[in-house]
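These notes are about the structure you will find just below.
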């Protein structure tokens, strides 16, 4: 959930930028070709032969050689004084591939797409104000930022987490603008996937997360695999911490963009339970703190808040079996009001938030394990899409600031519990058009906001 901004900031005027037409460098005027001006229809596969020795046809150098994908000739470099640059101007040939890195460039502009899309700060600033539809090479319409991700085998749990994080504005803006090679391999591949999903000049309206999936598997010591479904909550917890470390973050609060975006702080009061008996011999109420006894308090950082669902009814008749239990979000949040006690063994705890993050993640605890099987709680959580007020659950300076949040993404589970028995899908919000989309792997469709409440929400 995204913390609401002040109206003056949210609706501030800014210069309109055409994200589909990058600024041209001075030189010969170039016609626009193809769906997005990529000149891809000028590529002549019949002229291409990569069996020749990779030497520049002008200088005979074998350093930094590019192949013209229009005529098949080899040229050195792509700078303003290079042979490839002059060839693009004189012959009106614009698509070149680096024969070493296999990256494709459009000359003389010098921009690179699909393998590594680039964005300017002005283009990024317009994404939440005017995000137009684009067209792929097959002339199929797609909306940048709202494209499907391939499910290679059983990685739907990864896809929904990644789709959610791709729409967290601070992360999105950082990775779209920062195209540097710094950070861990996981950070690099996450940023690359971010740029591909938001690319307005994609070759096709879908993206394969295979490179990121492989790195997640390697970095997690095979804990998260693309061929075995896992819990999205475990993944998002691990992924945020791994990105934090990969971006140079330390234990100190706010030492990385991840912590500045998602990390909050909570006060935890603990007290040992002492069972007292009433005059009638019944046990007294346990879930109330005895203020006259010792209470241990500590503050702890958090990346997400766990919300506990009440257990569903055990015994139901035929009519009640058709009724799905419902509960408002405010009831679940009472866990963090600083008054309600939570039992854990012989310890009673109560919670109060002391610092709110910019983006708040809720984990609705829907699955429980016992010795034999996994069970799923079907209770529907009724929640507002906008203006979730956290003021009743916060103390300290943050209680005086902005405490309202708007929903950004909603991960839900459908089907039976257990790995491979159900599917995960995600609802994401397009702020520019104020539309909601439901994404399940490659399937992307618009959805009415009223339908989001009917899903079995798992992570928000």
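Have a look at the DSSP beta bridges in segment 303-398 and tell me what percent are antiparallel, nearest 5. Could the numbers behind the result be given before it?
Working: 7 of 15 bridges.
Taking every DSSP beta bridge within segment 303-398, about 45 percent pair in antiparallel fashion.
Kirkwood Rh over Cα pairs of segment 251-459 into Stokes-Einstein at 25 °C, 0.890 mPa s: D in µm²/s? Display every interim value, and only then the final one.
Details: Rh = 19.7 Å.
Estimated diffusion coefficient is 124 µm²/s.
Once you order the gyration tensor axes a ≥ b ≥ c over the Cα atoms, which shape class does segment 338-460 get: rounded for a/c under 1.5, otherwise prolate or oblate by comparing a/b with b/c? Walk me through the numbers on the way to the answer.
Numbers: a/c = 2.75, a/b = 1.11, b/c = 2.48.
It comes out oblate by the Cα gyration axes.
Please sort 386-394, 132-140 by packing, taking for each peptide the average over its residues of neighbouring beta carbons within 10 angstrom, highest first.
Working: 386-394: 16.8, 132-140: 13.8.
Top to bottom by mean Cβ count within 10 Å: 386-394, 132-140.
Sorted by mean Cβ packing within 10 Å, highest first, what order do the peptides 241-253, 77-89 take? Walk me through the intermediate numbers first.
On the way: 241-253: 15.8, 77-89: 18.5.
Ranked from most to least packed, the peptides come out as 77-89, 241-253.
For segment 48-90 and segment 229-248, what is the separation of their Cα centres, given in Å?
So the two Cα centres are separated by 43 Å.
When every alpha-carbon pair in segment 106-182 is counted, what percent end up more than 19 Å apart?
Working: 1467 of 2926 pairs.
So the portion of pairs separated by more than 19 Å is 50 percent.
Which value in Å is the Kirkwood Rh of the chain over different Cα pairs?
Over the chain, the inverse of the mean reciprocal pair distance is 25.3 Å.
Provide the packing ranking of 351-362, 420-431, 98-109, i.e. peptides ordered by the mean count of other C-beta atoms within 10 Å per residue, highest first. Walk me through the numbers on the way to the answer.
Working: 351-362: 20.8, 420-431: 18.8, 98-109: 16.8.
Order by mean packing, descending: 351-362, 420-431, 98-109.
Can you give the convex hull volume per residue for the Cα atoms of segment 40-108, as a whole number of Å³? Intermediate results must be reported in sequence, preceding the final value.
On the way: hull volume 5.4 nm³, N = 69.
Residue-normalised Cα hull volume stands at 78 Å³.
Bear in mind that the values in this text are calculations on the coordinates, not laboratory data. Small disclaimer: the values here were computed from a predicted structure and weren't measured. Reconstructed Cβ throughout: ideal geometry from the backbone, glycine too, with neighbour counts over all protein chains shown.
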